[in-house]
Amino acid sequence: MGRSGWPLFTTCLPASRGKSARNDMQTKELTEISILNAKAKVDILRQPASENLRKLKKRKALVEQKKRLSAWILFLALLGILLMVIHTELLRFANCKWLQYLYLMRCTISISTIILLILIIAFHIKEIQLFMTDNSLVHWRIAVNFRKSAWIFLEILVCAIHPIPIEQPCEAKKVPDLEKLVFLSQVDIFLSILMFLRVYLVPRTVLLHSKVLVDASYRSIGALNKIKFQYQFIIKILMNTCPGRVLLTLTISLWIVSSWVLSVCERDAEYTADLSSSMWLIPITFLTIGYGDLVPQTVCGKMVCLFTGVMGVGCTALIVAVAAQKLEFTKAEKHVHNFMMDIRYMKQIKCAATNVLGEAWLLHKHTKQGDMSKIRLHQRELLGAIHIFRRKRIKHKNLKDQVNAMVDISKMQMIMTDLDCNFTSSHQDLEKRIDQLDKKLDDIRHLILTTRESPKLAH
């Protein structure tokens, strides 16, 4: 390399052409570099912007499709549960004339389940496409791992559970019109109860249709704070905004479902097979009262009551927590309460101190007079007044020691800030006064020096 930064072979050019050739090479390289830079800038400015806009539109369309699919999935899941409940209840009272209609109803449950499974697969396909769009992936196998596949398979397996459409046999009786259908077998009862597992689709639909997921500001602030918008976060939001309605809905739904499941499990029992008896037994178990007038007889009924008791303990704990939160003072209420209690305790302390001084003066007065009965009376009154004064002081001290609340912390912070400002201002005033004293001392020293030198000047 030469001094000017060009390669050494440029020095071998003729002298007359060296300067012009160097300029030609420089301009040619600069024009090529500028053209390349211009093309790169155009590509950066145009292509990624359109690509990002296309991804944004695709993502928005996928989110809307997921929302619609989740709504239809929830509708079909609840429709299958409703048809199953109606079919089971009709078996209690229907006769053999209704056999075709009941069989048609079971076929309808199977058809709705098949459509439900197809929609679930389509929902997960849209979810994988959305994940690929967000992460700019090319192949779908990168977005699907073993855990994701296992969860999809488990969800399909849970939603596929339903009673198999088989014709119900009739009981043989002498009168054909009074022949009744045989109730569900143990396998059909088990499959019918497991259909309630489809309720897990409710939190997903609530999450996709909630304002939290739609609100851009909510999501941006959550992304900055590394918050994942999942079922737990939405449930916490609902429990903090409307805890009473959430707990009431959960409790009533649990009572109704558990009562119906218990009546189905106890179909052969004498007392608990009736729905009204089950609806009495479930709340008693839920509230952990347990009168013992009704007892489940089957293993299925015992499991239902055990599950109801566990859920009752959890819901009771949540109700206590919500009630304690509602009864807690707000910041302003706590500030007002502490302020008024402080004033009340100070008045009581002053009254108690006044009583102590009054009894001490009366004791001193009667001591001088020598009246022993009065002396003993006022000694007892003085001791009682001292104890009252000490108790009031202790209560006031305990009130002052409650500095754990935010109101007290902010109050102490304001007090410390005022003290700091007062200390700073007094320190500045003190510095000014010290400077003034220094000036006055300098003036005095200067006057002393002038007075000492004046006689010498006079000589």
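Only residues that are open to solvent by 30 Å² or more (accessible area, probe 1.4 Å) and either at negative phi or under 28 Å from the mean Cα position of the chain (by Cα) (or both): list them for the range 133-143, please.
Within the range 133-143, the subset open to solvent by 30 Å² or more (accessible area, probe 1.4 Å) is 134-142.
Result: Asp134, Asn135, Leu137, Val138, His139, Trp140, Arg141, Ile142.
Evaluate the following for Ile109: is it closer than 23 Å to Gln65 by Cβ and of a type in the set (A, V, I, L, M, F, W, C)? Criteria not met by Ile109. Checking each residue in the range 240-251 for being open to solvent by less than 80 Å² (accessible area, probe 1.4 Å) and part of a helix (DSSP H, G or I) picks out Pro243, Gly244, Val246, Leu247, Leu250, Thr251.
Can you find a residue in the range 167-186 that is among the aromatic types (Phe, Trp, Tyr) and either at pLDDT below 90 or touching a Gly at 6+ places or on another chain (Cβ under 6 Å) (or both)?
Just the residues of the range 167-186 that are among the aromatic types (Phe, Trp, Tyr), to begin with: 183.
Checking the rest, the ones that are also either at pLDDT below 90 or touching a Gly at 6+ places or on another chain (Cβ under 6 Å) (or both) come to 183.
Checking the range 167-186: at least one residue is among the aromatic types (Phe, Trp, Tyr) and either at pLDDT below 90 or touching a Gly at 6+ places or on another chain (Cβ under 6 Å) (or both).
Quick check on this structure: which one of Asp268, Asp342 is modelled with pLDDT under 90, on the phi < 0 side of the Ramachandran plot and open to solvent by 90 Å² or more (accessible area, probe 1.4 Å)? Step through it out loud before you land on a result.
Details: Asp342 fails: open to solvent by 90 Å² or more (accessible area, probe 1.4 Å).
Being modelled with pLDDT under 90, on the phi < 0 side of the Ramachandran plot and open to solvent by 90 Å² or more (accessible area, probe 1.4 Å) holds for just one of Asp268, Asp342, which is Asp268.
Per this entry, Asp371 is counted among residues that are over 30 Å from Lys334 (Cα atoms), at pLDDT below 85 and surrounded by 10 or more Cβ atoms within 10 Å (Cβ to Cβ).
Picking from residues in the range 222-239 that are open to solvent by 100 Å² or more (accessible area, probe 1.4 Å) and in a helix (DSSP H, G or I), the one that is nearest to Leu287 (Cα to Cα) is Lys236.
One residue alone among Leu191, Leu201, Leu154, Leu207 is assigned to a helix (DSSP H, G or I), modelled with pLDDT of 85 or more and touching a helix residue (DSSP H, G or I) at 6+ places or on another chain (Cβ under 6 Å), and that residue is Leu201.
Checked against the criterion of being loosely packed, with under 15 Cβ neighbours inside 10 Å and polar (S, T, N, Q), the range 61-70 contains not a single residue that satisfies it.
For the structure I just gave you, tell me whether Arg219 is touching a Leu at 6+ places or on another chain (Cβ under 9 Å), over 30 Å from Pro296 (Cβ atoms) and modelled with pLDDT of 85 or more.
Numbers: touching a Leu at 6+ places or on another chain (Cβ under 9 Å): yes; over 30 Å from Pro296 (Cβ atoms): yes; modelled with pLDDT of 85 or more: no.
The answer is no for Arg219.
When Thr285 is tested against (1) surrounded by 12 or more Cβ atoms within 10 Å (Cβ to Cβ); (2) out of contact with any Gly (no Cβ under 9 Å at 6 or more places or on another chain); (3) in contact (Cβ under 8 Å) with a residue 24 or more places away in the chain, exactly one condition is not met: (2). Out of Lys326, Lys331, Lys302, one residue alone is open to solvent by 50 Å² or more (accessible area, probe 1.4 Å), basic (Lys, Arg) and in contact (Cβ under 8 Å) with a residue 12 or more places away in the chain. It is Lys331. For first residues located in the range 349-377 and assigned to a helix (DSSP H, G or I), partners that are hydroxyl-bearing (Ser, Thr, Tyr) and open to solvent by 50 Å² or more (accessible area, probe 1.4 Å) and lie 6+ apart or on another chain with Cβ distances below 7 Å form the pairs Ile375/Thr367.
The values are calculated or read from the model by the stated rules, or taken from the named source; none is laboratory data. Please read these numbers as outputs of a predicted model, since none were measured by experiment. FYI the Cβ positions are ideal-geometry reconstructions off the backbone, even for glycines, and counts take in every protein chain you see. The protein model used for the area step is the full one, side chains on, heavy atoms only, and it has no ligands, DNA or RNA in it. Shrake-Rupley method; radii C 1.70, N 1.55, O 1.52, S 1.80 Å.
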